[in-house]
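**Q** My structure is below; once you've seen it, I'll send some questions.
No lab work stands behind these numbers, since they all come straight from the coordinates. None of these values were measured; they are calculated from a predicted model. Neighbour counts run over all protein chains shown; Cβ positions are idealised from the backbone, glycine included.
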Amino acid sequence: MNESTIQPSISPPRHPSGPRMTSAAVVARKPKRMASVQTAAKRVTVEGLNAYYGDNHAVRGVHLEFAPNEVTAIIGPSGCGKSTLVRCINRMHEEVPGAHATGAVRLDDIDVYAPSVDVVSVRRTIGMVFQKPNPFPTMSIFDNVAAGLRLTGTRGVKLRDRVEQSLRRAGLWDEVKDRLDAPGIGLSGGQQQRLCIARTLAVEPEVILMDEPASALDPIATLRIEELVEDLKQRYTIVIVTHNMQQAARVADKTAFMLNGDLVEMDSTEKMFTTPSDSRTEEYVTGKFG
Amino acid sequence: MSTLVQVSGRRRRKDQLMRGLLGAATAVAIVPLALILYFLLKKGLGAWSGNFFTSDPNGNFLGDPGGIKSAILGTIEIVGLATLIAIPLGIAVALYLVEFGRAGRFGAAVRYFIDVMTGVPSIVFGLFVYITLVLSGVGGGFAGWKGAVALALLMLPIVTRSAEVVLLLVPDSLREAALALGAPRWRIAARVVLPSALPGLITGSLLAIARGAGETAPLLFTATIVQGTSFNLGQRMNSLPAQIFNDIGQAQDRLVARAWGAALTLVLMILALTVIARLAARRSRLA
């Protein structure tokens, strides 16, 4: 695992190719240490984060911390800002027209919103899995997994090895190893979602954001994704948004509860579901609203 | 409480009436199309003889009037060049509008002018090229490439409009997936959006080519009507629509027959192009 893919660059951010080339070169030159159980997963610290869609204030001054090698679930009713919060962590929020965010998101000690940081390296270090499986329809299974490397112009990586490793880690290798050239959209919904996870893993992130990754899947496929999340936390910091409280209880070490853009509280999952400090959390997890 | 009842006779009669009306409308729409094909085949096939495709019009007052070789080759050359100009440019404009200029005044202005251009009569493009390129004597007078420019201007808004619609159909979730992997916008456009939209882009481009290949007015005073075959786009050049226009107004039956033969040829050429491109699009989707 590479230790630092986010490179505060010297060149102005107007030239995205400059810093990207630099970081790619650094990654390529770094000796591989795959064999040892290296925990390069990073701590994500959100400090005073406010997110807006135009005038709509969707996330209101949130402070929280996601620990390495842990799964943190974010729960809350629809529209509470949980998706927006995770989309601020890898700066996907700013892609929405009219949207902006203030505050800081630190990856260990680097602010991903610092002007010298290249957004491309942010998104490569903080991967994202979406609610609906979204493999690229024109690409084969192999090409889908390799897409992240190709789309970012990464060189010096043995594609074949990286694709196999990513598919193995996503628990999909045995099912697809004989048909890597088949179209990615020919897979079942659950397999497609694991393909998307493999695609995210292939660029070697340190943090993985999952935005309701199982809500479009059947119960068995959901279970497989949850087992996978359990495996993946050995290597990564995982943040999972879910509207399914049982899911949060099953997979998460810590749980954060959001309401109307505010973070109500965050604690160990067990405490959140048994003896939460805030009465609103108790009402939500016991199904009184939401 | 309501219970299950039979469908009322009134509702069933209404359903049958509406189905009948829709069927009749379809039939009415198909009749002219079938008649066109019938007359094209009946009159056109008769004109196809031994040297119809291998000889140029010779202008002889009596005897064999010659074939349409120069017109076929001229159409291929002129439309080919127009395609090379209009399709890359049109798709590039559409890509700009969809990927970079969705909001904003510039995008809106471009979109408006494309709509206006779609409505401009084809003879106006011919006139425009006649004034700017032919009368001004850029590289001589009448020339095949000037006809191609006129056709390209006509095809450009058609390509852009159809490409924009198709590119908008590419789901945003794919753009999002690529963005989340750290891909820059231009690479997403080139490697994700364009390939996903390819079959639709081909269909739209074909419509534009078919439209361009059938246009007469932009060619009459740019490439003009000549007899001989030319492979030099800098010279005057014959074309199928121009040849048809010329022959159909003649007093001699053998020339009118040649016009029908040329019309059938033009229709079959466009049909063949459509079939080939459809097959290519299907293959590219499977790959």
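**Q** Using a simple spin-label model with points 7 Å from Cα along the Cα→Cβ vector, what separation in nm is obtained for B:Leu271 and A:Ser215?
**A** In this crude label model, B:Leu271 to A:Ser215 measures out at 5.3 nm.
**Q** Cross-link partners among lysines for B:Lys69, C-alpha distance below 28 Å, same-chain residues fewer than 8 apart left out?
**A** Reachable lysines: B:Lys42, B:Lys43, B:Lys146.
**Q** Extent of the range B:1-127 along each principal axis, from alpha carbon coordinates, in Å, largest to smallest?
**A** 86, 52, 22
**Q** Determine one quarter of the surface area of the Cα convex hull of the range B:30-81, which equals its mean projected area, and express it in nm² to one decimal. Working shown, then result.
**A** Values: hull surface 20.6 nm².
Mean orientational projected area (the range B:30-81, Cα hull): 5.2 nm².
**Q** Count charges around A:Ala73 for me, please; just the other residues with Cβ under 10 Å from its Cβ, Lys/Arg as +1, Asp/Glu as -1.
**A** Values: positive: A:Lys82, A:Arg250, A:Lys254; negative: A:Asp253.
Spelling it out: positives minus negatives among the neighbours equals +2.
**Q** Moving on to the next point. Which of B:Met237, B:Met155, A:Met258 comes first, and how do the rest follow, when ranked by fewest Cβ neighbours within 10 Å? Walk me through the numbers before you get to the answer.
**A** Numbers: B:Met237 32, B:Met155 29, A:Met258 26.
Sorted ascending by nearby Cβ count, the order is A:Met258, B:Met155, B:Met237.
**Q** Run the reach check for A:Lys177 against aspartates and glutamates, Cα to Cα strictly under 16 Å, same-chain hits fewer than 8 apart removed. What comes back?
**A** A:Asp143, A:Asp161, A:Glu164
**Q** Among B:266-276, B:77-87, how do they line up by average Cβ neighbours within 10 Å per residue, starting with the highest? Write out the running numbers ahead of the final one.
**A** On the way: B:266-276: 14.7, B:77-87: 22.1.
Highest-to-lowest ranking by the protection proxy: B:77-87, B:266-276.
**Q** Around B:Glu215, which amide H atoms from residues at least 5 apart in sequence, or from another chain, sit under 5 Å from its own amide H, with H modelled in the peptide plane?
**A** Correct list: empty.
**Q** List every residue whose amide H lies under 5 Å from the amide H of A:Ile240, counting only residues 5 or more places away in sequence or on a different chain, with H placed 1.01 Å from N in the peptide plane.
**A** Excluding prolines and chain starts, which carry no amide H, the hits are A:Thr72, A:Ala73, A:Ile74, A:Met210.
**Q** Using only Cα atoms, what is the ratio of the radius of gyration of the range A:133-290 to 2.2 N^0.38 Å?
**A** Working: Rg = 17.7 Å, N = 158, 2.2 N^0.38 = 15.1 Å.
With N residues counted in the range A:133-290, Rg over 2.2 N^0.38 Å equals 1.18.
**Q** Right, another one. Quick one: if you take sqrt(5λ) for each eigenvalue of the C-alpha gyration tensor of the protein assembly as shown, what semi-axes come out, biggest first, whole angstrom?
**A** Details: eigenvalues 728, 180, 102 Å².
Taking √(5λ) for each Cα gyration eigenvalue gives 60, 30, 23 Å.
**Q** Another question, if that's okay. At B:Asn60 and B:Phe100, where each label point lies 7 Å from the Cα along Cα→Cβ, what is the point-to-point distance in nanometres?
**A** Rounded to a tenth, the inter-label distance reads 5.9 nm.
**Q** Okay, moving on. In Å, what Rg and Dmax follow from the Cα atoms of chain B?
**A** Values for chain B (Cα only, Rg and Dmax): 24.2, 89 Å.
**Q** Excluding A:Val241 itself, calculate the net charge of residues whose Cβ lies under 13 Å from the Cβ of A:Val241, where each Lys or Arg counts +1 and each Asp or Glu counts -1.
**A** Net charge in that neighbourhood comes out at 0.
**Q** Also, quick follow-up: For the range B:66-220, what ratio Rg/Rh do Cα atoms give with a Kirkwood hydrodynamic radius? Kindly include the intermediate steps, with their values, before the conclusion.
**A** Working: Rg = 17.8 Å, Rh = 16.8 Å.
When Rh is taken as the Kirkwood radius, the ratio is 1.06.
**Q** As a test of the formula, what do you get for chain A when each DSSP H run with n ≥ 4 contributes -39,500 (n - 2.57) and the sum is divided by the residue count, at 222 nm and rounded to the nearest 500 deg cm²/dmol?
**A** Numbers: 11 runs with 102 residues, N = 290.
Result for chain A: -10000 deg cm²/dmol, rounded to the nearest 500.
**Q** Ranking B:Ser8, B:Ser70, A:Ser140 by Cβ neighbours within 10 Å, fewest first, what do you get? List each step's numbers first, then the result.
**A** Numbers: B:Ser8 9, B:Ser70 23, A:Ser140 19.
Result, fewest neighbours first: B:Ser8, A:Ser140, B:Ser70.
**Q** Next question. If I model a spin label as a point 7 Å beyond the Cα along the Cα-Cβ vector, how far apart are those points for A:Asp253 and A:Asn69 in nm?
**A** About 0.8 nm separates the two model spin labels.
**Q** What's the local net charge at B:Leu233, with K and R +1, D and E -1, over the other residues with C-beta under 11 Å away? Don't skip to the answer; put the middle values down first.
**A** Numbers: positive: B:Lys146, B:Arg236; negative: B:Glu77.
Every neighbour counted, the sum reads +1.
**Q** Also: When the scattering of the range B:189-287 is computed by the Debye formula from its Cα atoms alone, each counted once and equally, what is log10 I(q)/I(0) at q = 0.14 Å⁻¹?
**A** So the normalised log intensities are -0.68.
**Q** Now, a different point. If you rank B:Thr160, B:Thr265 by fewest surrounding Cβ atoms within 10 Å, what's the result?
**A** Numbers: B:Thr160 29, B:Thr265 24.
The order, fewest Cβ neighbours first, is B:Thr265, B:Thr160.
**Q** Can you compute the FRET efficiency between A:Lys271 and A:Glu95 using 1/(1 + (r/R0)^6), with r the Cβ-Cβ distance and R0 = 41 Å? Round to the nearest 0.05.
**A** Numbers: r = 36 Å, r/R0 = 0.87.
Once rounded, the FRET efficiency stands at 0.70.
**Q** Ignore the peptide's own chain and count Cβ atoms of other chains within 10 Å of each Cβ in A:196-205; give me the average, rounded.
**A** Values: counts 2, 0, 0, 4, 3, 0, 1, 3, 0, 3.
That works out to 2 on average.
**Q** So for the range A:34-122, averaging the separation of alpha carbon pairs under 8 Å that are six or more residues apart and normalising by length, what relative contact order in percent results?
**A** It comes to 33 percent, rounded to a whole number.
**Q** Rounded to the nearest 0.05, what FRET efficiency is calculated for B:Val165 and A:Ala114 with R0 set to 45 Å and r the Cβ-Cβ distance?
**A** After rounding to 0.05, the efficiency reads 0.65.
**Q** Could you give me the radius of gyration and the Dmax of chain A, taking only the C-alpha atoms into account and expressing both in angstrom?
**A** Cα radius of gyration and Dmax of chain A are 18.7, 55 Å respectively.
**Q** In the range B:81-222, if the dipole is taken from +1 on Lys/Arg beta carbons and -1 on Asp/Glu beta carbons about the Cα centre, which of B:Met155, B:Gly104, B:Val134 is farthest to the positive end?
**A** Of B:Met155, B:Gly104, B:Val134, it is B:Gly104.
**Q** What FRET efficiency do you get for A:Arg179 and B:Ala251 if R0 is 41 Å and r is their Cβ-Cβ distance, rounded to the nearest 0.05? Please report the intermediate quantities before stating the final value.
**A** Details: r = 68 Å, r/R0 = 1.66.
So the FRET efficiency works out to roughly 0.05.
**Q** Sticking with this structure for a sec: My understanding is that a pair violates if its Cα-Cα distance is over 21 Å; which of A:Lys82/A:Lys254; A:Lys132/A:Lys158; A:Lys233/A:Lys288 do that in this structure? Could the numbers behind the result be given before it?
**A** Details: A:Lys82/A:Lys254 15 Å; A:Lys132/A:Lys158 29 Å; A:Lys233/A:Lys288 32 Å.
Over 21 Å apart, Cα to Cα: A:Lys132/A:Lys158; A:Lys233/A:Lys288.
**Q** Suppose a student asked you for the relative contact order of chain A, using Cα pairs under 8 Å spaced at least 6 residues apart; what percent would you report?
**A** Details: 573 pairs, mean separation 73.3, N = 290.
RCO, chain A: 25 percent.
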